[in-house]
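Here is the structure we will look at, set down as structure tokens.
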Number of protein chains: 2
Amino acid sequence: MHRVRMGRAAGVIAAALVGATVLALGGTAGAHVSVVPSSAAKGGFQILSFSTPNEKDNANTVGLEVTLPTKYPIPFVSVKPMTGWTITTEKTKLAKPVTTDDGQITEAVTKITWTATAGGLEPGQFDLFTISAGPLPTKPSKLEFKALQTYSDGDVVSWIEPVVKGAAEPEHPAPTLTLTKASSDGH
Amino acid sequence: MHRVRMGRAAGVIAAALVGATVLALGGTAGAHVSVVPSSAAKGGFQILSFSTPNEKDNANTVGLEVTLPTKYPIPFVSVKPMTGWTITTEKTKLAKPVTTDDGQITEAVTKITWTATAGGLEPGQFDLFTISAGPLPTKPSKLEFKALQTYSDGDVVSWIEPVVKGAAEPEHPAPTLTLTKASSDGH
């Protein structure tokens, strides 16, 4: 496309086409590493799964490393055991402690790594890497969980690009959780 | 709090404060043994998971025992197999048979016990203990599933305290399913 040669009307049409393309591509989000559900209530606990597809024809997915938010840390994070994978978590001392019902939280899980012990995800497979996390922060409108997907051929796919509202979806968006208004019972 | 000494206005303020506390405490539900989803349609079948966190630093969760309602029994209950756990169910003869499409049900599952065979849940882990149950009763507005969580150090945590609307959340609430108006298709 040679946009420099187009007049204003053509530019508008092109923009509309780009919009339509984005809309159509929206359907491909499932082929990304993404967080399920895609939204959760502020202040609540939530079971979150990182839906991870193997996108290669000739290699397995053998590792997933997810970074948890540090600006708005989540005080309680636990991981769901998963047959065929070991899970390690990394805690970081918080710059600013978070006060909870159970007292002050001075460190939080900031990285979770799943490593395949039995071959991992084959071509054509996906899996859910699941955590329980809460209370979710009440301030931001979304949380980003940057993820690195490791393949058996050594490739690492970085799902770390920010998702910007109104902009076209990046090629490798970071799994992003939209935070919604707290419900009355916190669920 | 000394409510007996308060006038009406103070009582209203206190009630409002209690409400605010509930709102804030709602967020801790996920660090409890809780039922997911937290609500389901009356009269329908529902897949229910008992989300169970290991809350200890130095012991594993090795057992979970869930009691099903007997006043409003659920005629059909089945359990999802789970690697590393054996599952036993206990049936009880019903005081009052329940009539279903498949005839009269005279006994129902009233207790389900998961027992770890491979170490159970380690510190920092949670898991989902899943059943399919239905038809859910049409009368009550909620169902309580009292749960006992057993640790490898012998401790048993009893998640049996009733959740009372408008009151502060107890320390160990019973997993409670809110029953909502039946949808048109019974699901």
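Just one of the listed residues (B:120, B:124) is crowded, with 16+ Cβ neighbours inside 10 Å, out of contact with any Gly (no Cβ under 8 Å at 6 or more places or on another chain) and either of a type in the set (Phe, Trp, Tyr) or within 14 Å of chain A (Cβ to nearest Cβ) (or both), and it is B:124. A single member of B:90, B:65 is touching a residue at least 24 places away in the same chain (Cβ under 8 Å) and either more than 14 Å from chain A (Cβ to nearest Cβ) or open to solvent by 40 Å² or more (accessible area, probe 1.4 Å) (or both), and it is B:65.
Scanning the range B:59-86 for residues that are among the β-branched types (Val, Ile, Thr), under 21 Å from residue B:115 (Cβ atoms) and in a loop (DSSP other than H, G, I, E, B) yields a single hit, B:83. Residue count for the range B:150-187 under the criterion of being open to solvent by less than 60 Å² (accessible area, probe 1.4 Å) and either touching a Pro at 6+ places or on another chain (Cβ under 9 Å) or among the acidic types (Asp, Glu) (or both): the result is 10.
I'm trying to understand the selection: among the residues of the range B:43-58, which are part of a strand (DSSP E or B), of a type in the set (S, T, N, Q), open to solvent by 20 Å² or more (accessible area, probe 1.4 Å) and over 19 Å from residue B:139 (Cα atoms)? Steps first, please.
Kept after step one, since they are part of a strand (DSSP E or B), are these residues of the range B:43-58: B:46-53.
Remaining after also requiring of a type in the set (S, T, N, Q): B:46, B:49, B:51-52.
When the remaining residues are screened for being open to solvent by 20 Å² or more (accessible area, probe 1.4 Å), the result is B:46.
Result: no residue meets the conditions.
Within the range A:93-110, the set of residues being touching a residue at least 40 places away in the same chain (Cβ under 8 Å) and either within 13 Å of chain B (Cβ to nearest Cβ) or farther than 18 Å from residue A:75 by Cβ (or both) comprises A:108, A:109.
Restricting the range B:134-156 to residues that are part of a strand (DSSP E or B), touching a Ser or Thr at 6+ places or on another chain (Cβ under 9 Å) and in contact (Cβ under 8 Å) with a residue 24 or more places away in the chain, the residue that is farthest from residue B:173 (Cα to Cα) is B:151. Taking the range A:68-87 as the range and being over 29 Å from residue A:155 (Cβ atoms), within 12 Å of chain B (Cβ to nearest Cβ) and open to solvent by 30 Å² or more (accessible area, probe 1.4 Å) as the test, only A:76 passes.
Looking only at residues in the range A:31-42 that are away from every other protein chain (no Cβ under 14 Å) and in a loop (DSSP other than H, G, I, E, B), the one that is nearest to the chain's Cα centre (by Cα) is A:33.
The values are calculated or read from the model by the stated rules, or taken from the named source; none is laboratory data. Quick caveat, the model's predicted, so the values are computed rather than measured. No Cβ is skipped: glycine too gets one built from the backbone with ideal geometry, and neighbour counts run over all protein chains shown. The area values use the complete protein model at the heavy-atom level, side chains included, leaving out ligands, DNA and RNA. Shrake-Rupley method; radii C 1.70, N 1.55, O 1.52, S 1.80 Å.
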